[in-house]
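Here's the structure we're looking at; comments come further down.
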Amino acid sequence: MLQIALIRQQPDFVKERLLVKNFDASAAIETILSMDERRRKLQLELEAAQAGLNAISKEIGLLMSRGDKAGAEEKKKAVVSVKSGLGPVQQALDLTDAQMQQLLLTLPNLPASEVPQGKSPQDNIVIREGGNKPKLPSNALAHWDLAKKYNLIDFELGNKITGAGFPVYINKGARLQRALIQYFLDFNTAAGFVEYQPPLMVNEASAFGTGQLPDKEGQMYYMNEDELFLIPTSEVPLTNLWRDMIIKESSLPVKMTAYTPCFRREAGSYGKDVRGLNRLHQFDKVEIVQIVHPETSYAVLDQMVLHVEKLLLSLDLPYRILRLCGGDMSFASAITYDFEVYSAAQQKWLEVSSVSNFESFQTNRMKVRFKDESGKTQLLHSLNGSSLALPRILACLLENHQENDFISLPEILHPYFKSDKLTAS
């Protein structure tokens, strides 16, 4: 959530930056400023009345000490009169503040100055590419055919027991999933991230804190009876571990990683390429999250991008890094870098990670703060990234490393999978 002080001090700047996200905030900003002015006037009125009450209370004490009970009783009547008038003012203040907060929730985070303008993924900017695209024979198979050939994944069985988008991993397919998860976690913890195993369900306050609510409510699975949401990413529970907390500056940065299944309804995705592992409702992902000093968040962002890049390099997969344009960014992000891996059999780029800096947008919602050297309480910055999402990584590993009778595996995975290749037997 944007801070009201920023909107009050630089309304034109806020409007201009939000236009980069193709969001016209002119009317909302003017309404917010009007509400803020009314709220501040009501607050001053309350404070002045409270100061008057304090003064009358002192007078009552002085009169009582002098034995002037009659004078004290008259002052007490004045107190009752003033207090009776405070109720409507407090109600007006509470209502105005609630309405302003609701309107603030409709405003996306401001995009950073480096974010390019644009309306669709076609306007994203390729920052760099790495790895080598393999040259596959004409009879190369897509991963859904390879999964069937080597008995790794059964999509139809998942459709039978749950529905489309819920694959069943079998035998070596399940083992390879487990190997990837363990390797990703080891890679992250070796870089100083502390591993967590968070809940897979969160309450409304947690979903609100990271910006899933109200923006992505329709994309999450909701358990109505218990009022809980299945997590779309472990970013949600991890970041909320620090909700309503003041973190010691000496404890920064906070570095976390977790493996969890993730659940997404993917409403509106019908008609897109949903075959095989390309788009699922349940999938495995390893996440990295950092909570950092606001002065270091962009240096940390660069470090996280390099971290994910090194992980992809170790898997021998061709990749590219894109800086997302304003129109392709999430509601809460200030800047996002997407990582895509090239699927040689499908001949297309597939997204496998997003690394984002949210600046103080999430921490303002969650009230995650620290005290600086002067003792002033300030908001921290939050960042997160996929390190990595498994489905499309697995798809590209199978497709790009396929041979006639086996699928070779990157050397880094050999000790985790206990073999250097996948075979039918």
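Applying both filters, DSSP loop and at most 10 other Cβ atoms within 10 Å, to the trypsin sites (Lys or Arg not before Pro) of the range 361-399 gives Lys376.
Sequentially through the range 194-206, phi angles give Karplus couplings (6.51, -1.76, 1.60; θ = phi - 60°) of 8, 7, 10, 10, x, x, 8, 10, 10, 8, 4, 4, 5 Hz, Gly and Pro residues having no value and appearing as x. Local charge for Tyr222 was computed over the other residues whose Cβ lies under 15 Å away, with Lys and Arg +1 and Asp and Glu -1, and equals -4.
Using a simple spin-label model with pseudo-atoms 7 Å out from Cα toward Cβ, Thr162 and Asp68 lie 7.9 nm apart.
In a fully extended conformation the segment linking Glu249 and Glu373 would gain 43.8 nm over its present Cα-Cα distance, using 0.36 nm per residue. Less than 5 angstrom separates the built amide H of Ala334 from those of Asn357, Phe358, Glu359, all sequence-distant by 5 or more or on a different chain. Summing Lys and Arg as +1 and Asp and Glu as -1 over all other residues whose Cβ lies under 14 Å from the Cβ of Pro11 gives a net charge of -3.
Rounded to whole numbers, the Karplus 3J(HN,Hα) couplings from phi for the range 290-298 are 10, 10, 9, 5, x, 6, 10, 5, 7 Hz, using 6.51 cos²θ - 1.76 cosθ + 1.60 with θ = phi - 60°, and x at Gly and Pro.
Here's how it looks for Asn22: its modeled amide H is under 5 Å from none belonging to a residue 5 or more places away or on a different chain. Springs between Cα atoms under 10 Å define the GNM used for the chain, and in it the highest mean-square fluctuation of Gln50, Gln290, Gln122 occurs at Gln50.
Which trypsin sites (Lys or Arg not before Pro) in the range 1-105 sit in a loop by DSSP (not H, G, I, E or B) and have at most 13 other Cβ atoms within 10 Å of their own Cβ?
Sparse-neighbourhood loop trypsin sites (Lys or Arg not before Pro): Arg66.
Approximating the spin labels as points 7 Å out from Cα along Cα→Cβ, the Thr106-to-Gln197 distance works out to 4.4 nm.
Hand me the GluC sites (Glu not before Pro) from the range 337-425 located in a DSSP loop with no more than 15 other Cβ atoms within 10 Å, in residue order please. Sites meeting the loop and neighbour criteria: Glu373, Glu403. Computed from backbone phi, the HN-Hα couplings of the range 136-142 come to 8, x, 5, 9, 4, 9, 6 Hz, rounded to whole numbers (Karplus: 6.51 cos²θ - 1.76 cosθ + 1.60, θ = phi - 60°; Gly and Pro given as x). Measuring between their Cα centroids, the range 352-425 and the range 257-318 lie 5 Å from each other. Within 10 Å, Cβ to Cβ, of Ser234, how many net charges do the neighbouring residues add up to if Lys/Arg are +1 and Asp/Glu are -1? Neighbour charge sum, excluding Ser234 itself: -1. With r defined as the distance between the Cβ atoms of Ser57 and Lys149 and R0 fixed at 60 Å, what FRET efficiency is calculated, to the nearest 0.05? After rounding to 0.05, the efficiency reads 0.10. With every protein chain in place and a 1.4 angstrom probe, the accessible-area ranking of Ile7, Ile181, largest first, reads Ile181, Ile7.
With the simple model of a label 7 Å out from the Cα in the direction of the Cβ, Ser425 to Ala49 spans 8.7 nm. What a 1.4 Å probe finds exposed on the range 327-422 is 40% carbon and sulfur by accessible area, rounded to a whole percent.
If you take the beta carbon distance between Arg128 and Gln182 as r and set R0 to 30 Å, what does 1/(1 + (r/R0)^6) give as a FRET efficiency, to the nearest 0.05? Before the final figure, lay out each step's value.
On the way: r = 29 Å, r/R0 = 0.95.
The value I calculate is 0.55.
Per residue, how large is the accessible surface of the chain? Use a 1.4 angstrom probe and give square angstrom.
The answer is 49 Å² per residue.
Applying 1/(1 + (r/R0)^6) with r as the Cβ-Cβ distance of Asn171 and Leu313 and R0 = 25 angstrom yields a FRET efficiency of 0.30. Annotation: amide H of Glu195 within the under-5 Å range of Thr257, sequence separation 5 or more or interchain, hydrogens built in the peptide plane.
The values are calculated or read from the model by the stated rules, or taken from the named source; none is laboratory data. Note that the coordinates shown come from a computational prediction; the quantities given were computed from them, not determined experimentally. A quick note on method: Cβ atoms are made from the backbone with ideal geometry, for glycine too, and the neighbour counts reach across all protein chains shown. Side chains are part of the model used for accessible areas, which takes the heavy atoms of the whole protein and leaves out ligands, DNA and RNA. Shrake-Rupley method; radii C 1.70, N 1.55, O 1.52, S 1.80 Å.
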